[in-house]
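Here is the structure we will look at.
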Amino acid sequence: MDRSSGSELLIFWIITIVWCSVSLLASLLIGSDIITDIGTADWTPIEGNIIDSGVDESSDSEGGVVYCLWVEYEYTIENSTYDGSIISYSTQNSCDSWSGSDASKYPPNKKITVYVNPEDVSEAVLLPGLAGINFFMIFFLVFPLIGFVMLIGVLKATLSSIRNPGKTIVETSVTDSDEVYNPSEENSVWWESNENS
């Protein structure tokens, strides 16, 4: 392997490591919320009440409008009243450009079903299990797959360079040489010399 090939392989390794590290970190953050949502599927349903709700608007980097839905609700268990604000974990603090009218689903004083954690009644969600998963976030999981493909590619390239360390050098030296020895040309010169004599 020549120096240029070694430099290209090193750059490929750096890009792959950075890509895999960032995508893995993002996947862990996204995946943990999705797993938590799935774990709420067996939480206890009780009656609750919407206190308030709304949609905050802001502008994104491209000048578009981004909507952030928020909901406040309350529920009572054994004469104790608890406040909640989590719709689901994967949608918590998530904003998008199409939820401008979602607050109409949660008008104040509306009776709703709240799903309470049986092990900690102060923890509750409005959308349990699969119903609470923000499936848009799942599309981000494609980036670790791309990183995995990149890792396989750079490993194969590295193994190939180790098994054939002189392949590129030989090919380059043959291509760059001005003259290549050819026995048939030498024999041709010898016959021509004898004929002239």
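Some points to look at:
- Of all the listed residues (L151, L127, L141, L155), the sole one being at pLDDT 85 or above, surrounded by 13 or more Cβ atoms within 10 Å (Cβ to Cβ) and under 30 Å from W19 (Cα atoms) is L151.
- Filtered residues of segment 33-51 (kept if under 20 Å from Y106 (Cβ atoms) and not in a helix (DSSP H, G or I)): W43, P45, I46, E47, G48, N49, I50, I51
- Filter result for the condition that a residue is surrounded by 12 or more Cβ atoms within 10 Å (Cβ to Cβ) and under 18 Å from the mean Cα position of the chain (by Cα), over S23, S88: S23
- Against the criterion of being in a loop (DSSP other than H, G, I, E, B) and modelled with pLDDT of 80 or more, P108 qualifies.
- L28, sole failed condition from (1) out of contact with any helix residue (DSSP H, G or I) (no Cβ under 8 Å at 6 or more places or on another chain); (2) of a type in the set (A, V, I, L, M); (3) surrounded by 15 or more Cβ atoms within 10 Å (Cβ to Cβ): (3)
- Considering residues of segment 35-70 that are out of contact with any Asp or Glu (no Cβ under 8 Å at 6 or more places or on another chain) and hydrophobic (A, V, I, L, M, F, W, C) only, the residue surrounded by the most Cβ atoms within 10 Å (Cβ to Cβ): W43
The values are calculated or read from the model by the stated rules, or taken from the named source; none is laboratory data. In this text, all values refer to a predicted model and were calculated from it rather than measured experimentally. Here Cβ is always computed from backbone atoms with ideal geometry, including for glycine, and neighbour counts include all displayed protein chains.
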